Amino acid sequence: MKEHAAPISTASLMERLRGWLPTRMPGARDLGISDPVEPAQGSSSRTILFKLSWNEQGVAHERDLVARIQREAACPLQSDVLHQYRTMAAIADAADVAVPGLFLAQEDAGILGAPFFLMERVEGRVPADFPSYHAQGWFAAELTAPQRERAWWNAIAEMAKLHRIGWQHFSFMAREMQHAPDAGFYLEHFVGRWLAWAAQGEPYPLLERALRHLLEHRPPVEHAGLVWNDARMGNTIFAADLRVASLLDFEVGTLGPAEIDLAWWLYAEDLFSLRLGHQRIAGIPDREAAIRGFERLYGRPMPHFEYYEAIAALKHAVISIRDFRNGKSVNRSETLLDFATQRLSRYLDSDRRA
């Protein structure tokens, strides 16, 4: 069995970083790092918040930054922290989307023990996953239903800006493609690869059947671009006025139709409400109202939305059959798997009857 070295302490990482930064900031003097905080979160990277200060040409500077340091991720699809950096850089280069500003990146693992990048820290509040924002926390306790609805649609509108970027802007994901990546690209290059890793040679007949069915019945693609792939309220920072301050976490970004993210967003609403025994909080639209709103924002009908909801259930089932979170505390995977497979079975049954 492979033995894992003890993780480097936060203080040691910050000292190493302070020693390295002058090589990338040659004009900086009296460089200092203070107030480092490492939240207990993140499955594919360590996250450390800190304050960077320095003097340059007699002018004092101070920046609130975040370090994302690659973990030895359990799932190989999460093993490249610089993929997130490249994705965010491509977003910022192509459109005015609320994502954190990038500061520096380093591929050499010799500096902090793993590749890493630094980005701006964005102020604001995030609806919590656990305990769910449908029942507790600022989103439930401090906002009225109209305010929640406004925040929710603000997030969808920001995501729509992300989805308007054409897939060609993400050439490092495109695998020399000549045509717009459809749902099949996503199923083959993300869901199928994750299933192959997670199954470890064991049969999962329902998931294998669902994957084949979805590949064989893929709808025509209207527009292809970035698939955020973790599109949900818990990855959205809201400013005090409920505008979106930033979208977060692009470590598994890939390509495909926007409906993949929109269906996952709706699926996550049920995941953090119904599955946890909560009613959907007032202000968050129901399925029908949400889809009508998506169609208005995106300027096109979405007649195959149920197909993409099946992809969401399949993805959730696939990522629930094996622990990939490097010790991050989550609810039991058996419960997660049941929630996903029940929905997936209903879709396959209804599609067979159609």
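Are any of the residues in the stretch 256-270 in contact with a Pro (Cβ under 8 Å, 6 or more places away or on another chain) and free of Cβ contacts under 8 Å to residues at least 12 places away in the same chain? No, the stretch 256-270 has no match at all. Within the stretch 135-147, the residues that satisfy the criterion of being farther than 15 Å from residue 239 by Cβ and touching a residue at least 60 places away in the same chain (Cβ under 8 Å) are 135, 140, 144, 145, 146. For the stretch 224-245, the set of residues classified as touching a helix residue (DSSP H, G or I) at 6+ places or on another chain (Cβ under 9 Å) and under 23 Å from residue 134 (Cα atoms) consists of 228, 229, 230, 231, 232, 233, 234, 236, 238, 242, 243, 244, listed by residue number. Can you name the residue in the stretch 11-55 that is small (Gly, Ala, Ser) and outside any loop (DSSP other than H, G, I, E, B) and is also nearest to residue 116 (Cα to Cα) among such residues? Ranking the qualifying residues of the stretch 11-55, first place goes to 45. Those residues that are surrounded by 17 or more Cβ atoms within 10 Å (Cβ to Cβ), closer than 18 Å to residue 151 by Cα and over 15 Å from the mean Cα position of the chain (by Cα), I need them from the stretch 214-243; list them, please. Within the stretch 214-243, 238, 242 meet the criteria. Looking for something aromatic (Phe, Trp, Tyr), open to solvent by 10 Å² or more (accessible area, probe 1.4 Å) and out of contact with any strand residue (DSSP E or B) (no Cβ under 7 Å at 6 or more places or on another chain) - is there at least one such residue anywhere in the stretch 286-305? Checked the stretch 286-305: at least one residue is aromatic (Phe, Trp, Tyr), open to solvent by 10 Å² or more (accessible area, probe 1.4 Å) and out of contact with any strand residue (DSSP E or B) (no Cβ under 7 Å at 6 or more places or on another chain). What pairs come out if I take residues in the stretch 294-313 that are over 29 Å from residue 341 (Cβ atoms) and touching a residue at least 60 places away in the same chain (Cβ under 8 Å) and pair them with residues that are open to solvent by 70 Å² or more (accessible area, probe 1.4 Å) and not aromatic (Phe, Trp, Tyr) whose C-beta lies under 9 Å away, six or more apart or interchain? What qualifies is 298/164; 298/222; 300/222. Residues that are out of contact with any helix residue (DSSP H, G or I) (no Cβ under 8 Å at 6 or more places or on another chain), farther than 15 Å from residue 111 by Cβ and open to solvent by 50 Å² or more (accessible area, probe 1.4 Å) within the stretch 7-36 comprise 7, 9, 11, 26, 29, 30, 35, listed in sequence order.
The values are calculated or read from the model by the stated rules, or taken from the named source; none is laboratory data. Quick caveat: nothing in here was measured; it's all calculated off a predicted structure. Note: ideal-geometry Cβ built from the backbone for every residue, glycine included; neighbour counts use all protein chains shown. Note: areas computed on protein heavy atoms with side chains; ligands, DNA, RNA excluded. Shrake-Rupley method; radii C 1.70, N 1.55, O 1.52, S 1.80 Å.
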